[in-house]
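The structure appears right after this line, and notes come after that.
The values are calculated or read from the model by the stated rules, or taken from the named source; none is laboratory data. This is a predicted model, so every value here is computed, not measured. Counting neighbours? That spans all protein chains shown, and the Cβs are built from the backbone with ideal geometry, glycine included.
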Amino acid sequence: MMSRTIALARREMASYFCTPVGYVVIALFLLVSGFLFSVDVLSPGRPATMRPFFETTAFMLIFLAPAISMRLLAEELRIGTIEGLMTCPVNDVEVVIGKWVGAMLFFVAMLVPTFLFVVILEIYAAPDYGAIVCGYLGLLLVGGVYLAVGLVASSLWGSQILAYLMALFFWLIFWGVTTVLPANLPDPWSDMLFWMSVTRRFSTDFAKGVIDAGSAVYLLSGIILFLVIATKVIESRRWR
């Protein structure tokens, strides 16, 4: 099982660099994050910390993760290769995990150039490397949840655009309900909705250099939940 999953992940990772989409996503991310890093971190009087970069990136993923995940299964559905994939000696769990891991590997490749920001920060100050590691770990967990939802959206539609919009709207609504709306609600509703917020958990824990077990379990549970949903969607296609 492991070898087949790894093969699928490697194939998926490589496919991102066979089309302009992968390069466009990376270029846009680096341009925006580089500009914001120079404004939020390198401006005179700003604290020498990666926290603004981490928080901005976590929010940007609401828009970028659907672009990364929209083709995972939607493209297979569009060109009709999903049937061939499901008749190969791989089960549905292997397909889902392989696709998700491939997307995560691309996400990691997208983050690697941002290590240059850490090098630049080292020139101006002595950064807290423990906090930086926590921040990147948190981004991987947040990105994992976003990509898992995108995989579900991609499994439902044979159109990459529809898959992108579905995942984007899901996270915009979720962000609004769990981050913006609670500020206008009384307790205990505000506390409950804040507790569900992915971006708030990231900002109050990982971005500050704190690894909170509750937040880590919450994000990991979200990843598992949506991967299971994607698996069930694929299973249902076998019986159509």
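Just checking, does segment 69-91 include any residue being touching a Gly at 6+ places or on another chain (Cβ under 9 Å), under 17 Å from TYR164 (Cα atoms) and at pLDDT 90 or above? The answer is yes; a qualifying residue exists.
Among the residues of segment 16-31, what is the count of those that are under 13 Å from ALA109 (Cβ atoms) and out of contact with any Pro (no Cβ under 7 Å at 6 or more places or on another chain)?
Count: 8.
Tell me which residues, restricted to segment 212-240, are surrounded by 14 or more Cβ atoms within 10 Å (Cβ to Cβ) and outside any helix (DSSP H, G or I). Answer for segment 212-240, where residues must be surrounded by 14 or more Cβ atoms within 10 Å (Cβ to Cβ) and outside any helix (DSSP H, G or I): just ASP212.
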